1. In region 1-60, what residues are loosely packed, with under 12 Cβ neighbours inside 10 Å, of a type in the set (Gly, Ala, Ser) and part of a helix (DSSP H, G or I)?
2. What pairs come up if the first residue lies in region 50-64 and is modelled with pLDDT of 95 or more, the second is surrounded by 10 or more Cβ atoms within 10 Å (Cβ to Cβ), and their beta carbons are under 6 Å apart, counting only those six or more places apart or on different chains?
3. Which of (1) of a type outside the set (D, E, K, R); (2) at pLDDT 95 or above; (3) over 15 Å from the mean Cα position of the chain (by Cα) does VAL22 not meet, given it meets every other one?
Amino acid sequence: MEWLLTREVVIGIAILGAVPSVLAGWLRTRDRISESRARQMNVAGYGLMGLSMLLFIIVGFRAH
């Protein structure tokens, strides 16, 4: 479980969260996906970014 709290994993999760959010906006502006699908992608992306922030906070508390 220690691997989950490494810097690389936390940054990787943040990037994985950013990708669907950016992609949702890009696809929606080109009318390639529906509004509800874009919302689902945004929720998934923000969920991953939130997980990354939570892990970042946990790593900070463990360092002291």
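1. The answer is SER36, GLY60.
2. LEU51/ILE13; SER52/VAL10; SER52/ILE13; SER52/ALA14; LEU55/VAL10; PHE56/VAL10
3. Status for VAL22: all satisfied but (3).
The values are calculated or read from the model by the stated rules, or taken from the named source; none is laboratory data. For clarity, every value in this text was computed on a predicted model and none was experimentally measured. A quick note on method: Cβ atoms are made from the backbone with ideal geometry, for glycine too, and the neighbour counts reach across all protein chains shown.
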